[in-house]
Amino acid sequence: MASVKKLEFKILNPEMIKKMSVAKITKTELYDQEGYPVEGGLMDPRLGVVDPGLRCRTCGGFIDTCQGHFGHLELTKPVIHVHYAKFIYNVLKATCRECGRVLLDEADKKELKESKSVSLKSTLSRVKKKCPYCGVEQKKIKFLKPYTIIEDGEMLNPQQIRERLEKIPDEDLEFLGIGEGNRPEWLVLTILPIPPVTVRPSITLETGERSEDDLTHKLVDIVRINQRLRENIELGAPDFIIQDLWELLQYHIATYFDNEISGVPPARHRSGRVLKTLAQRLKSKEGRFRGNLIGKRVNFSARSVISPDPMIDIDEVGVPEIVAKELTIPVRVNENNIEELRKLVLNGPNKWPGANYVIRPDGRRKRITELNKEEIAKELEPGYIVERHLQDGDITIFNRQPSLHRMSMMAHKARIMPYKTFRLNLCVCPPYNADFDGDEMNLHVPQTEEAQTEAMFLAAVPKHIRSPRFSGPIIGAHKDHITGLYLLTYGERMFSRKEAVQSLRSIGYEGEIPKKKEFSGKEIFSFLLPKDLNIEYKAAICVGCDKCKKEKCKYDAYVVIKNGKLIKGTIDEKSVAPEKGILLDKIEAKYGSVFAKKFLDQVNRLSIEVVTMEGVSVSTADYDLPDNVMRDVEKILKDTEKKVNQLIEGYKKGKLQLLVGRTPEETVETLIKTELSQALNKIADLVGDYVKPSYTVIMAKSGARGSMVNFVQTAACIGQETIQGKRIATGYYKRTLPHFKKGDMSLESKGFVFRGYKQGLKPFEFFFDAMNSREGLMDKGVKTRHSGYLERRLIGALQDLKVEYDMTVRDSAGKIIQFIPGGDGLDPSKISEGEMDVTKIADEIFSK
Amino acid sequence: MSQKSQMKYSVSDLLPRRVWNEIERVSKERKLTESQKKKLIEEVIKHYSKAFFEPGEAIGIIAAQSISEPATQMTMRTYHFAGSAGIQVTLGLPRMIEIFDAKKEPETPMMTIYLKKEYNDIRHAKKLADEIKERNLQFYATDIRLDLENFQIKIRLKDGIKKSVLDTILTSLQKKFKEAKVRIRGSVLTLEFPSDTDFKKLQKIKKVILYTHVSGISGIKNVIVRKEGDDWVINTLGSNLSEILKLKEVDVKRTKTNNIHETEKVLGIEAARNVIIQEAMSTLQQQGLNVDIRHILLVADAMTFSGRVKAVGRYGVAGSKASVLARAAFEETIKHLTKAALKAEVDEFKGIFENVMVGQVVPAGTGMVELVATFGRGEHGSRKED
């Protein structure tokens, strides 16, 4: 296959431009009266074709075979290239005005060469005032943005500049930072290449009117001024007129290259719109580089709203039938699949599973329609390619933006379903960071076998259960799954045989179920575990006693699994949740990703089954606290307020014992803060102790959703509202709101909310709460921008680093960044958190 | 030696010393026999070679993603008190950006000073802390007045200033304003300038005179003494590593600053690399985000491998890449293209982005290998590039 091996960058020289050119542009008109393009005009037919059906006058190609050809315009007077104006100035400064040699003596040259610091910058720092070769005194040269060079108060015109540049000998060029094969005088344009019309196609409007591209507009200006300048010179017009026109030509050519030069008014369209010229086409996010070369548009993709489906596997994606009928996979016909493919062809494009196109061995594509499908089916033989509809089990790549990490694009197996949304399993929400409040996702279908296999082996969901970020599972059961598992495994809850069998069989458990009348939840869960699994750890409901009693934990928070049997402990967040699941981590590490996927699927369905059986529901009554608890809470708050008031009084009287290195203001704020957090902790403990059991509490404690902090804030007391980590600052003169006295530092006026959400807030409490949440919103907006840019920069810096066959990390230039990747060579996506655990390995091999 | 054992040898050679030490520790702890230990080593090597990076892995992209994905979850809240009575430091995303930008001066420069064993007690710590804290004249002055009639600047000083301090004030002022006569009478400090001094100049002097450095180490704006485990530690706001390291009480080995460039200048590039790693890791950990240290290591290595600290961004690592096209696609498209033309640069298409641009297979991962299939000796036998 042909490939691009290298790309050389050079400065176009006049001869080259002439050589490339197929047409000399001389006329300012684009079209004649009949509407045909004028020969020698900017839309010269020799420059290529943009209209369908026409042939190129130069190469004879059609619109899709002719890429267009360059023309050229001979400039009446030379003009400086804007992007090199500063460089030209520096070159003039570094070379003699008479003989053109670099203003360095031989000793300097030798020294620079030896120290390998030959550059324009180092040359400029050593420039002599007198030419070491011809002895001419140098004059002071000034640069005036954007493209004026002044010598001793007199402006140098491009012609003079060019003459000077021409004098510079080739062997001096390296000291000016000019690469081999380039000449500095080429930076002063004498001849302008005219891009082919394919670069600046004109659009025909419905009215038959032609609308030209911005570049064409700009080129028309250039040709026109060029013409006028020539006429005026020929007529022998006065110098100042010629000077003005020359300046104008310079302006037009400068804005043709770049229409955003500072200090130059941008060229505008007749309507007043700023023209998009060459530099603008390439630049920035929507420019050619970032918009079209790095990011490309693709076929065989679909986008839709997503919705959850707990009954499909985690590596599946539900694809709507109408999408499946659009997305196709090319399949080559052979003896074994011909009957099957014939059936698909017979189904046609409108009935799933069918086919949309066939490609004959000669490469001709034929669309299958209702009318010709029988005919095509008959014609089918080995060697044909059928573009069939997407079917169950096909590999697709599923993606949700922003694609922050590689788990944002994973390979799922398609599963064709009714309705119009993409369905996905809830366990894969965390890596995509997806929810179902209207999120949309993209689906891509790899077309070749090579791509499909690669997606299947490298991008498949099971391969990404373990995140390379922290070496732990990023896919896992969460939310209701955790609630379900908690309800199933907490304590010694018994289930009838009917319940047990129903839930196990419904999740696809195929093993034997012993003949027992009753099963404990722990026994049911144990059916999913491999028989040789041994592990012990603390669950999320662990309250953190001073001394862990391990198996004898009275909260059932110490998980013990022996030989695949859950003996003690509750399965909750710490076992299977993404980023936290210890059990899941162990299973993935020991039994591989495929088993882990199966385990997750079963856990997922079992927990949903339990939740459904149980009928989990929440109520606002969950947040009601007994009267005595409410009284206690109030008492704590009163005491705290009293203490805080004492502190404030102490501060106002100046009697406060200062903290080291703090001002009195800082000291009092810090002390109040600690006082408040202590009070809130007390309240949280109190509420935690006396709360009546409910699903709300179960969710918070097991880590399914919400936290005890949320609970306390709703039921008892919200606490201090903060802005930028401080109590609400005084926005009015010496007070936060006009309802308070000036200088008031009390809890109430500084944004402490005494009530919980359920009891309702006072107006200013509500206001402070709104302030706090507003800060959160603003923060979020700023943060996403900043972290997005950080990612772009990190990718920009590290994109080419890869592990080579010699196990070094190198960049694209072959420079070694690390001798062993990551310092120890361990791939974080292949190990359990941290590093090699020799103790564990020893446990494994010597425990038997 | 057979090929198989040779392979084993090479992998065990790669096994980091840390793991070897672990093996030693475990086998001692469990009193393993020689053969058991051998088995353990074999098993560890098996695990190790399984978990090794595969050639072609785009490790840079993974590191970049692994760092910036959790960055979305970081708080923007800039300040936080480090420790209960510590110093305000920049944290979260802003600090992260600061580290990777390799800013010349962090927003909140900070030092952690450890003390040598013989000085490691509260008395010495407090004394040293007091000594190094930068104090200028303002600290000792209560009032300043300009007497234009007599060309004098009069500064009223606080009561109870030690004689030695007064002497340093006198000498440092005299050094700074050589033309003036400096004297102290009671609690009033007088500077008498020659009578031909310009009034405007006097006004100016009045403005700056209070900032005259008197004692302490310049740059150390605040100090806090803290106990950290068994050690007494001095945290400082402001940083001046080279001066601090000269003090005899300071434990040179452990004392550090959060200023990357300063560390590079004083202690060298390896130390700067460690500062990047430590600072980045602690910023992430402080936010409760879990990121494998290997990713940070890679970024730190990419920033420092050239021997000088380079920022992540257009003026650093990304701006000094070999490929013109990759640079042009990153930032400052026009600048890179015009420069490349001038210098007659050549893009070799060895990186990722360049190949994406022209629609070629990327030279990483599975794109790094080329499949040469040999079907017998038939016509397909020698399909190879070039």
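The values are calculated or read from the model by the stated rules, or taken from the named source; none is laboratory data. Remember, it's a predicted structure, so these values are computed and weren't measured experimentally. Using ideal geometry, Cβ is built from the backbone for each residue, glycine included, and neighbour counts are taken over all protein chains shown.
Miscellaneous remarks
- Members of region A:668-707 that are of a type in the set (S, T, N, Q) and farther than 22 Å from A:K638 by Cα: A:S694, A:T696, A:S702, A:S707
- Test: residue in region A:267-282 that is touching an Asp or Glu at 6+ places or on another chain (Cβ under 7 Å) and of a type in the set (V, I, T): yes
- Considering A:Y732, A:Y805, the condition of being aromatic (F, W, Y), in contact with a Pro (Cβ under 8 Å, 6 or more places away or on another chain) and away from chain B (no Cβ under 14 Å) is satisfied by A:Y732 alone.
- Test for A:R423: is it among the basic types (K, R), buried (at least 18 other Cβ atoms within 10 Å of the Cβ), touching a residue at least 24 places away in the same chain (Cβ under 8 Å) and over 30 Å from B:V361 (Cβ atoms): yes
- In region A:283-328, the residues that are under 17 Å from the mean Cα position of the chain (by Cα) and not in a helix (DSSP H, G or I): A:S284, A:K285, A:E286, A:G295, A:K296, A:R297
- Of the residues examined, B:E43 is not one that is part of a loop (DSSP other than H, G, I, E, B) and at the interface with another protein chain (Cβ under 9 Å from one of its Cβ atoms).
- Picking from residues in region A:42-77 that are closer than 18 Å to A:I17 by Cα and either touching a His at 6+ places or on another chain (Cβ under 7 Å) or β-branched (V, I, T) (or both), the one that is surrounded by the fewest Cβ atoms within 10 Å (Cβ to Cβ) is A:T58.
- Cβ-Cβ under 8 Å pairs, at least 6 apart or on other chains, region B:319-339 side touching a residue at least 24 places away in the same chain (Cβ under 8 Å), far side among the polar types (S, T, N, Q): B:K321/A:S812; B:A322/A:S812; B:S323/A:S812; B:A326/A:Q799; B:A326/A:S812
- Scanning region A:426-457 for residues that are without any contact (Cβ under 8 Å) to a residue 40 or more places away in the chain and surrounded by 14 or more Cβ atoms within 10 Å (Cβ to Cβ) turns up A:Y432, A:N433, A:A451, A:E454.
- Scanning region A:234-258 for residues that are touching a residue at least 60 places away in the same chain (Cβ under 8 Å), aromatic (F, W, Y) and under 28 Å from B:V324 (Cβ atoms) turns up just one, A:F257.
- Residue in region B:53-60 that is within 7 Å of chain A (Cβ to nearest Cβ) and either of a type in the set (F, W, Y) or within 16 Å of A:K840 (Cβ to Cβ) (or both) present: yes
- Reported count of residues in region A:539-556, each being crowded, with 16+ Cβ neighbours inside 10 Å and of a type in the set (G, A, S), is 2.
- Inside region B:252-306, residues that are more than 30 Å from A:P473 (Cβ to Cβ), of a type in the set (A, V, I, L, M, F, W, C), within 11 Å of chain A (Cβ to nearest Cβ) and surrounded by fewer than 21 Cβ atoms within 10 Å (Cβ to Cβ) make up a count of 1.
- Only one of the listed residues (A:I150, A:I80, A:I88) is among the hydrophobic types (A, V, I, L, M, F, W, C) and surrounded by fewer than 16 Cβ atoms within 10 Å (Cβ to Cβ). That residue is A:I150.
- Scanning region A:259-282 for residues that are of a type outside the set (A, V, I, L, M, F, W, C) and either touching a residue at least 12 places away in the same chain (Cβ under 8 Å) or not in a loop (DSSP other than H, G, I, E, B) (or both) turns up A:N259, A:E260, A:S262, A:G263, A:R268, A:H269, A:K276, A:T277, A:Q280, A:R281.
- Verdict on A:K24 being more than 22 Å from A:D221 (Cα to Cα), of a type outside the set (G, A, S) and modelled with pLDDT of 85 or more: no
- Single unsatisfied condition, A:E209 versus (1) surrounded by fewer than 20 Cβ atoms within 10 Å (Cβ to Cβ); (2) at pLDDT 90 or above; (3) more than 21 Å from A:K24 (Cβ to Cβ): (2)
- So B:L342, is it farther than 30 Å from A:R297 by Cβ, within 7 Å of chain A (Cβ to nearest Cβ) and free of Cβ contacts under 8 Å to residues at least 12 places away in the same chain: yes
- Residue match in region A:785-797 (condition: exposed (fewer than 15 other Cβ atoms within 10 Å of the Cβ) and part of a loop (DSSP other than H, G, I, E, B)): no
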